[in-house]
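Where a number appears in this text, it was derived from the coordinates with a stated rule and is not lab data. What you are looking at is a predicted structure, and each value in this text was computed from that prediction instead of being measured. Virtual Cβ from ideal backbone geometry, glycine too; neighbours counted across all protein chains shown.
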Amino acid sequence: MNKKGFTLVELLAVIVILAIIITIAVPSTIAVSNKIKKKMYNTKVDMIMDAAKMYGQDNSSKVNSDENSCNVLVKVSDLINGGYVKKDDVDNGKVLSPIDNSSMNDLQICLYKKNNRIYAKPNNCSGWTNNNSIDLTNYCK
């Protein structure tokens, strides 16, 4: 007798093996994806802070020398309009957070001068992220 094909037991065994592989692979893939999103967010914040410093250098006469007094507040949208930051969403003119694709345009950066150098920091650190696992300690001191 010539048998063609697989038995039901063989097919079920393959399905069970694939289910086990998927059960192991999906959580680790999600963890890697979240880690990449956090790194992308931190890189984007670095880019925005560097752009804000360039804005501050171009407008240094407006920047005060007191770190505690934020006399120059710059929104991300101002940096976009000034050509310091590229927009992610070209149609809507927004810089998007890699974590949740929310707009970062309304976030504010405080510019100040110290030792004749321009520095930038988030004006309100809690507004910069809704995710407690994002590390902004370089800026929020």
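The table below gives the values:
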| read-out | value |
| --- | --- |
| Whole-Å semi-axes of the ellipsoid equivalent to segment 8-128 (Cα gyration tensor, √5λ, descending) | 46, 15, 10 |
| 28 Å Cα-Cα reach of residue 62 towards lysines, excluding residues that sit fewer than 8 places from it in its own chain | 44, 53, 75, 86, 87, 94, 113, 114, 121, 141 |
| Gain upon complete extension [residue 14, residue 33; 0.36 nm per residue less C-alpha separation] | 4.1 nm |
| Length added when fully stretched, residue 117-residue 65, from 0.36 nm per residue minus Cα-Cα | 17.8 nm |
| Simple Cβ-charge dipole of segment 8-128, Lys/Arg +1 and Asp/Glu -1, about Cα centre, in debye nearest 20 | 420 |
| Most to least packed among 42-51, 19-28, 92-101 [average Cβ atoms within 10 Å] | 42-51, 92-101, 19-28 |
